[in-house]
Amino acid sequence: MENYICKIASIEDIIKMYDEEIYNCSNKEKMIEWKNMTIERVKNGFTIIYIGLLDDLIISECSVTLNPTLVNNSENLVNDKTAYLHAFNTKEEYQNKGYFSKLFRFMIDDLKNRGYKKVTLGVDKKNKKNKDIYTKYGFKEHIKDVHEEYYDGTTADIEYYGKEI
């Protein structure tokens, strides 16, 4: 793990991440739209993207939203002292090796230094694996349950959790 570095993604890092996704996805137009939107949100200070690099390869990531207007059902999920976490990802071949745990600790330390006191996240009610992982990371405070409807017409029952930092 000595060649693994955690950092806040630069605009160049974000472009690199999305360009790889765009190359490998079927809905390139939508992914380009997400890329441009993410870059604007980062530039405006509404979002922070944390990444873990192994030998300069991005292998893990997590996004944090700081603006309540960008989070569905944001009440009790994001404000000036509460950050909303989402888009946790580690490339499959690097999972269960401690990389994301190191990135998570880096992210929490950075958010504390920025004055945040709490972090929140949402998880699909049916996703036991992720719920177990989030419990391991200390997300035990149940905030609320919401039936979400997404832009593409899909729906999900989401449970929201928080933890003090």
Task: Residue tally, condition part of a strand (DSSP E or B), at pLDDT 95 or above and closer than 15 Å to residue 66 by Cα, over region 77-112 - done: 6
Task: Residue that is under 19 Å from residue 91 (Cβ atoms), surrounded by 12 or more Cβ atoms within 10 Å (Cβ to Cβ), among the β-branched types (Val, Ile, Thr) and modelled with pLDDT of 95 or more, where the choices are 14, 39, 22 - done: 14
TODO: Provide a single number: the residues in region 42-76 that are over 21 Å from residue 164 (Cβ atoms), within 15 Å of the chain's Cα centre (by Cα) and assigned to a strand (DSSP E or B).
DONE: 8
- [ ] Return yes or no: is residue 77 more than 19 Å from residue 114 (Cβ to Cβ), of a type in the set (A, V, I, L, M) and in contact (Cβ under 8 Å) with a residue 40 or more places away in the chain?
- [x] no
Open item on the list: Let me spell it out: the conditions are (1) within 21 Å of residue 79 (Cα to Cα); (2) free of Cβ contacts under 8 Å to residues at least 12 places away in the same chain; (3) of a type outside the set (A, V, I, L, M), and residue 110 meets all of them except one. Which number is the exception?
Closed with: (2)
Open item on the list: Can you report the number of residues in region 113-165 which are touching a residue at least 40 places away in the same chain (Cβ under 8 Å), in a loop (DSSP other than H, G, I, E, B) and aromatic (Phe, Trp, Tyr)?
Closed with: 1
Open item on the list: Taking the condition of being of a type outside the set (S, T, N, Q) and either more than 18 Å from residue 78 (Cβ to Cβ) or modelled with pLDDT under 95 (or both), how many residues in region 113-133 meet it?
Closed with: 8
- [ ] Take residue 78 and decide whether it is among the aliphatic types (A, V, I, L, M) and touching a Pro at 6+ places or on another chain (Cβ under 9 Å).
- [x] yes
TODO: Considering only residues that are among the hydroxyl-bearing types (Ser, Thr, Tyr) and out of contact with any helix residue (DSSP H, G or I) (no Cβ under 9 Å at 6 or more places or on another chain), look in region 124-144 and name the one that is nearest to residue 105 (Cα to Cα).
DONE: 134
Task: Top-ranked residue of region 1-11 - restricted to ones that are surrounded by fewer than 13 Cβ atoms within 10 Å (Cβ to Cβ) and either among the polar types (S, T, N, Q) or touching a helix residue (DSSP H, G or I) at 6+ places or on another chain (Cβ under 8 Å) (or both), ranked as modelled with the lowest pLDDT - done: 1
Task: Only listed residue being under 13 Å from residue 82 (Cα atoms) and out of contact with any Lys or Arg (no Cβ under 6 Å at 6 or more places or on another chain), chosen from 155, 135, 120 - done: 120
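The values are calculated or read from the model by the stated rules, or taken from the named source; none is laboratory data. From a predicted model like this one, the values you see are computed outputs, not experimental measurements. Neighbour counts are summed over all protein chains in view; Cβ atoms, including those assigned to glycine, are modelled from backbone coordinates with ideal geometry.
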